[in-house]
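The values are calculated or read from the model by the stated rules, or taken from the named source; none is laboratory data. Since this is a predicted model, take the numbers as computed values, not measurements. Because the Cβ atoms are built from the backbone with ideal geometry, glycine has one as well, and the counts that use them run over all protein chains shown. Keep in mind that these areas ignore ligands, DNA and RNA; they rest on the heavy atoms of the full protein, side chains included. Shrake-Rupley method; radii C 1.70, N 1.55, O 1.52, S 1.80 Å.
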Amino acid sequence: MFEGLLISGGMAVGTIIIHMTGLAVLLAVMRERAQRFRPDSGPIKQSIFIIGVVLGLFVIHAVEITAYAGLYIALGLFTE
């Protein structure tokens, strides 16, 4: 039971680290690219910027999901 608690606590901390790192990188990229996508740059450029942010969030979550899947594989919790 204690081992499971350590593993789940480690994954919770790992998820937080992945999330914080991913958001920091995404924020840095947004700040760098924001000069190209000013409010007066038009709706197409603004839409591309927003889509880029959403895709960045998807990537962050995909990394977290992959980490959990890797843990489950390592623990032998998948039957196939």
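The table that follows gives values for the structure above.
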quantity: Considering residues of region 64-80 that are in a helix (DSSP H, G or I) and open to solvent by 60 Å² or more (accessible area, probe 1.4 Å) only, the residue nearest to Gly14 (Cα to Cα); calculated: Tyr68
quantity: Residue pairs meeting the criteria (Cβ under 7 Å; at least 6 apart or on separate chains; first among the basic types (Lys, Arg), in region 64-80; second assigned to a loop (DSSP other than H, G, I, E, B) and modelled with pLDDT of 90 or more); calculated: none
quantity: Among residues of region 24-46, those that are polar (S, T, N, Q) and open to solvent by 60 Å² or more (accessible area, probe 1.4 Å), counted; calculated: 2
quantity: Scan of region 50-63 for residues that are in contact with a helix residue (DSSP H, G or I) (Cβ under 7 Å, 6 or more places away or on another chain) and open to solvent by less than 60 Å² (accessible area, probe 1.4 Å), ordered by number; calculated: Val53, Gly56, Ile60
quantity: So Met20, is it modelled with pLDDT of 95 or more, open to solvent by 80 Å² or more (accessible area, probe 1.4 Å) and not aromatic (Phe, Trp, Tyr); calculated: yes
